[in-house]
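Colleague: Below you'll find the structure I mean.
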Amino acid sequence: MRIGVFICHCGSNIAGTVDCPSVAATALTYPDVVFSTDTMYACSEPGQDAIIQAVKDKNLDGVVVASCTPRMHEPTFRRAVERAGLNRYMFEMANIREHVSWIGKIKEQNTVKASELVRMAVEKLRRNRPLVAKRFETVKRVLVIGGGVAGIQAALDCADGGQEVVMVEREQSIGGKMAKLDKTFPTVDCSSCVLGPKMVDIAQHPKITLYTCSEVESVGGYVGNFQVTIRKKATYVDWSKCTGCGLCVEKCPSRKHPDPFNENLCNAPSINIPFPQAIPKKATIDPNFCRQFTKGKCGVCAKVCPTGAINYEMQEEFITEEVGAIITATGYGLMDIERLTEYGGGRYPDVITGIQYERFLNASGPTSGHIIRPSDHEEPKTIVFVSCAGSRDKSLGVPYCSNFCCMYIAKQAILTKDHIPDSQSYVFYMDVRSPGKGYDEFTRRAQEEYGAKYIRGRVSRIYPKGKKMVVRGADTLLGTQVEIEADLVVLGTAVVAAPGAAQMAEKLHISYDTFGFYVESHPKLRPVETNTSGVFLAGACQGPKDIPASVGQGSAAAAKVLSLFSKDMLESDPAIAQVNQNTCVGCLKCLKTCPFQAIVEDTLRNGKKVAKVIETVCAGCGVCTSTCPCGAIQLQHFTDNQLLAEVNAICQK
């Protein structure tokens, strides 16, 4: 075998703490290495051309590049060796940047370690074998999970690109959190005016199938050929007959349960349409509060419905859809204010959340756009906004910034002055974070034009005093304690992962971080892709994002789907598990541990039970390989012999 080794300087990233020429010279002493050199930027066009030329001039059978992480440039170098005429799997990469130069400062020791990593890569490459990808057809339909603004944008872009779309939303209407907002920053334009037409487009687009009051029950298959089971919950109203006239809502006598769309600020009838612009604008019965279900008698809605749409016997149903790609746009949740005990969250009615205040501001909200104090329905004159209520607080498990709280608090301060001209707004903040286009100007406008008083400091306690709420905090700029008697307190609560996000990640076989947000494949190079091929991310399911960022990511995810579907055939990764049927004992431990359900039981002609790998489903994670007690399963390109060769190489003196 003839191996070529290329040591990348990566400018000074590697060369600053590693003697690259010395590593290249040492590599020439390794078995089967016939060519070794160092280069300034191996990933650049001249660097790749040098690799291709060396393969041809030196008649190389394999290539080792020692540079940065394989997560960044392994596909780049694989394409380069393919252009040179080699199989893409006759290439190995040694990470001497993240694993050496960035973590060590002593050049001599770094050089030795880099040489050892190159030796490991060479020894593995000596045992590599050419692998060939298999081609398969795809189902050119896309599933969008979540009907918020990111999901809506992704669905419309995919549909406008000519692909069929299946959208699943667990709530009664699409729109997500944006549907609850009054205005949006920094333009202060009407939220429903921006979102409403897009919601209507979803309902009317010929290539979009919409399932609301539905959830994804299970996901099987692989990129290009996913089988998705959707659980459509019983609404007890036949939507094919319902016209959305609202007569049932008007006549319903059961109105004692909180309205979730209005953030529990008012009560809702047991049969309800959440808001005037709802899509689909269809009624749904809540069986937990409907008298027909709880007491066995009522039936008013069935009597008044002019189309006979009420069906108390309706059952949930399961629908199976086949799709080729999945866009996850499940959105975000908000921290329960009852966790903020020092702020009286959940105990004092006049301490509310930002989204509840948004419903007060909204013309379609519980007060028709009039700001009131929940305790006595009087108009508040002094409003205190508390930013970072739960955010950037390690004690609550939320050390991160919630991204858009500073901006919506500034917006609400502006709107408060418009609604109540003689009001005074105070904003307690840690730092004003407004990096978007026109954002900083917007926060300054709240202070300079609308008179909002910003106090830099944390709030330590909120407690009642007569009809007032006393907000006690610190002004760190003045170095003094501050107490403000407020009529209403609004908490900018922390953004957290959406309820059920972890369970959805497990169904989709994608990763999520310690906070429940989904993890992208690479934060810079693949920001909307996941570790499961064919599954993409959009919006705040990946982390806190405002509306422009969510819309942009929705379009980015759609672009990835359209790019995927532009090919008539897809290629499967051949670096997958393979079962040796002669040594398999049929214990099927691998079947139980495979996270992708890629292993099934098979029966040979002689009646022997063995494991069988579904090649198109296998993701090459290697869990089965480490589980198999007799070593009958080997992961191609990462066999036991290849890994042991690396271990032996690192153990040599």
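The values are calculated or read from the model by the stated rules, or taken from the named source; none is laboratory data. Here the structure is a predicted model, which is why all the values come from computation and not from measurement. Counting neighbours? That spans all protein chains shown, and the Cβs are built from the backbone with ideal geometry, glycine included. For the accessible areas, the whole protein counts, side chains as well, though only heavy atoms, and no ligand, DNA or RNA atoms are used. Shrake-Rupley method; radii C 1.70, N 1.55, O 1.52, S 1.80 Å.
Colleague: How much length is gained on full extension from Glu98 to His522, taking 0.36 nm per residue of separation minus their Cα-Cα distance? Please list the in-between numbers first.
Modeller: Numbers: separation 424, 0.36 × 424 = 152.64 nm, distance 1.47 nm.
Extra length from Glu98 to His522 when fully extended: 151.2 nm.
Colleague: If you keep only loop residues by DSSP, which trypsin sites (Lys or Arg not before Pro) in segment 1-79 have at most 14 other Cβ atoms within 10 Å of their Cβ? Walk me through the intermediate numbers first.
Modeller: Working: sites: Arg2, Lys56, Lys58, Arg71, Arg78, Arg79; in loops: Arg2, Lys58.
Passing sites in segment 1-79 are Arg2, Lys58.
Colleague: Top to bottom by accessible area (1.4 Å), largest first, where do Lys303, Lys183, Lys567 land? Please list the in-between numbers first.
Modeller: Values: Lys303 160, Lys183 55, Lys567 95 Å².
Largest to smallest exposure gives the sequence Lys303, Lys567, Lys183.
Colleague: Compute the Kirkwood hydrodynamic radius of segment 52-152, taking the inverse of the mean of 1/r over all pairs of distinct Cα atoms, and give it in Å to one decimal. List each step's numbers first, then the result.
Modeller: Numbers: mean 1/r = 0.0610 Å⁻¹.
Kirkwood radius, segment 52-152: 16.4 Å.
Colleague: Right, something else. Give a residue-ordered list of calculated ³J(HN,Hα) values for segment 80-93 (Karplus: 6.51 cos²θ - 1.76 cosθ + 1.60, θ = phi - 60°; whole Hz; x for Gly, Pro).
Modeller: Here the 3J(HN,Hα) series is 5, 5, 5, 5, 7, x, 9, 5, 4, 8, 9, 9, 10, 10 Hz.
Colleague: Placing unit charges on C-beta atoms (Lys and Arg positive, Asp and Glu negative, everything else neutral), compute the dipole magnitude of segment 564-630 about its Cα centre in debye, rounded to 20. Mind dumping the intermediate values first?
Modeller: On the way: 7 positive and 6 negative charges, 81 e Å.
About 380 debye.
Colleague: In whole Hz, with x marking every Gly and Pro, tabulate ³J(HN,Hα) for segment 33-41 from phi via Karplus 6.51 cos²θ - 1.76 cosθ + 1.60, θ = phi - 60°.
Modeller: Here the 3J(HN,Hα) series is 7, 10, 8, 8, 8, 10, 9, 5, 9 Hz.
Colleague: I'm checking a number: the convex hull volume of the Cα atoms of segment 413-563, normalised per residue, in Å³. What is it? Could the numbers behind the result be given before it?
Modeller: Details: hull volume 25.9 nm³, N = 151.
It is 172 Å³ per residue.
Colleague: Mind jotting down the distance between the C-alpha centroids of segment 438-455 and segment 260-329, whole Å?
Modeller: Going from one Cα centre to the other spans 42 Å.
Colleague: Shifting gears a bit: Within segment 552-594, which residues have the backbone N less than 15 Å from the label spot 7 Å out from Asp602 along Cα→beta-carbon, could you tell me?
Modeller: Correct set: 576-588, 590-591.
Colleague: Counting Lys and Arg as +1 and Asp and Glu as -1, each charge on the Cβ, what is the dipole of the chain about the Cα centre in debye, to the nearest 20?
Modeller: On the way: 74 positive and 68 negative charges, 179 e Å.
In total the dipole reaches around 860 debye.
Colleague: Report the net charge of residues surrounding Ile279, where surrounding means a beta-carbon distance below 10 angstrom and charges are Lys +1, Arg +1, Asp -1, Glu -1. Write down the numbers at each step before the final one.
Modeller: On the way: positive: Lys198, Lys281, Lys282; negative: Glu169, Asp201.
Combined, the nearby Lys, Arg, Asp and Glu give +1.
Colleague: How much net charge surrounds Thr616 when only the other residues with a Cβ under 11 Å from the Cβ of Thr616 are counted, with Lys and Arg +1 and Asp and Glu -1? Could the numbers behind the result be given before it?
Modeller: Details: positive: Lys134, Arg135; negative: Glu137, Glu571, Asp573, Glu615.
Once all neighbours under 11 Å are counted, the net charge is -2.
Colleague: Per q in 0.12, 0.16, 0.26, 0.29 1/Å, what log10 I(q)/I(0) does a Debye calculation on the alpha-carbon atoms of segment 485-550 return?
Modeller: -0.37, -0.56, -1.20, -1.37
Colleague: Just to be sure I understand the model, the point goes 7 Å from the Cα along the line to the Cβ. What's the resulting Ser626 to Glu250 distance in nm?
Modeller: 6.4
Colleague: What pairs in Lys180/Lys381; Lys177/Lys241; Lys124/Lys524; Lys251/Lys295; Lys134/Lys567; Lys140/Lys560 have C-alpha atoms more than 20 Å from each other? Don't jump to the answer; show the numbers that get you there.
Modeller: Working: Lys180/Lys381 24 Å; Lys177/Lys241 28 Å; Lys124/Lys524 29 Å; Lys251/Lys295 18 Å; Lys134/Lys567 14 Å; Lys140/Lys560 13 Å.
Lys180/Lys381; Lys177/Lys241; Lys124/Lys524, as the Cα separations exceed 20 Å there.
Colleague: Positive end of the dipole of the chain, charges at C-beta (+1 Lys, Arg; -1 Asp, Glu), about the Cα centre: which of Ser434, Pro46, Ala203 has its Cα farthest in that direction?
Modeller: Ala203
Colleague: Taking a spot 7 Å from the Cα of Asn648 along the direction of its beta carbon, which residues of segment 42-83 have an amide N less than 19 Å from it?
Modeller: It comes to no residues whatsoever.
Colleague: On a 1.4 Å probe surface of the protein chains, which of Met1, Met90, Met72 comes out largest in accessible area, and what is the full order? Provide the component values of the computation, followed by the final result.
Modeller: On the way: Met1 80, Met90 20, Met72 50 Å².
In descending accessible area the options line up as Met1, Met72, Met90.
Colleague: Checking the cross-link filter: which lysines have an alpha carbon closer than 18 Å to that of Lys592, excluding same-chain neighbours under 8 positions apart?
Modeller: Correct list for Lys592: Lys507, Lys609, Lys612.
Colleague: Which one of Gln542, Gln597, Phe136 has its Cα pushed farthest toward the positive end of the charge dipole of the chain, where Lys and Arg give +1 and Asp and Glu give -1 at the Cβ?
Modeller: So the residue furthest toward the plus end is Gln597.
Colleague: Residue farthest toward the positive end of the dipole of the chain, with Cβ of Lys/Arg at +1 and Asp/Glu at -1: which of Ile455, Met93, Gly354?
Modeller: Looking along the dipole axis, the top candidate is Met93.
Colleague: Whenever you get a sec, line up Phe638, Phe6 from highest to lowest accessible area (probe 1.4 Å, protein heavy atoms).
Modeller: Working: Phe638 90, Phe6 5 Å².
Correct descending sequence by accessible area is Phe638, Phe6.
Colleague: Skip the ligands, DNA and RNA, and give the accessible area per residue of the chain with a 1.4 Å probe, whole Å². Kindly include the intermediate steps, with their values, before the conclusion.
Modeller: Values: 29220 Å² over 653 residues.
For the chain, the per-residue accessible area is 45 Å².
Colleague: Work out the length of the dipole vector of segment 78-127 about its Cα centre, built from +1 on the beta-carbon of each Lys and Arg and -1 on the beta-carbon of each Asp and Glu, and round it to the nearest 20 debye. If you can, show how the numbers build up before the last one.
Modeller: Numbers: 12 positive and 6 negative charges, 33 e Å.
The dipole magnitude comes to about 160 debye.
Colleague: Starting from segment 591-640, pick out the trypsin sites (Lys or Arg not before Pro) whose DSSP state is loop and whose Cβ has at most 12 other Cβ atoms within 10 Å.
Modeller: Details: sites: Lys592, Arg605, Lys608, Lys609, Lys612; in loops: Arg605, Lys608.
Within segment 591-640, the qualifying trypsin sites (Lys or Arg not before Pro) (loop, at most 12 other Cβ atoms within 10 Å) are Arg605.
Colleague: Oh, and also: At a probe size of 1.4 Å, how large is the accessible area of Leu86, to the nearest 10 Å²?
Modeller: 30
Colleague: Moving on. Name the GluC sites (Glu not before Pro) in segment 428-489 that are in a loop by DSSP and that have at most 13 other C-beta atoms within 10 Å, would you? Don't skip to the answer; put the middle values down first.
Modeller: Values: sites: Glu441, Glu448, Glu449, Glu483, Glu485; in loops: Glu449.
Counting only loop positions with at most 13 other Cβ atoms within 10 Å, the GluC sites (Glu not before Pro) in segment 428-489 are Glu449.
Colleague: Let me ask you something else. Note down the accessible area of His205, probe 1.4 Å, to the nearest 10 Å².
Modeller: Accessible surface of His205 is approximately 40 Å².
Colleague: Suppose each label sits 7 Å from its Cα in the direction of the beta carbon; what would the Lys612-Asn267 distance come out to in nanometres?
Modeller: 6.1
Colleague: If you don't mind, another one. Can you grab the distance from the C-alpha centre of segment 124-156 to the C-alpha centre of segment 574-644, Å, no decimals?
Modeller: Segment 124-156 and segment 574-644 have Cα centres separated by 23 Å.
Colleague: Here is a further query. Given the whole protein assembly as supplied and a 1.4 Å probe, what does the accessible area of Trp239 come to in Å², nearest 10?
Modeller: It works out to around 50 Å².
Colleague: Give a residue-ordered list of calculated ³J(HN,Hα) values for segment 124-132 (Karplus: 6.51 cos²θ - 1.76 cosθ + 1.60, θ = phi - 60°; whole Hz; x for Gly, Pro).
Modeller: With coefficients 6.51, -1.76 and 1.60, one gets 5, 4, 4, 10, 5, 10, x, 10, 10 Hz.
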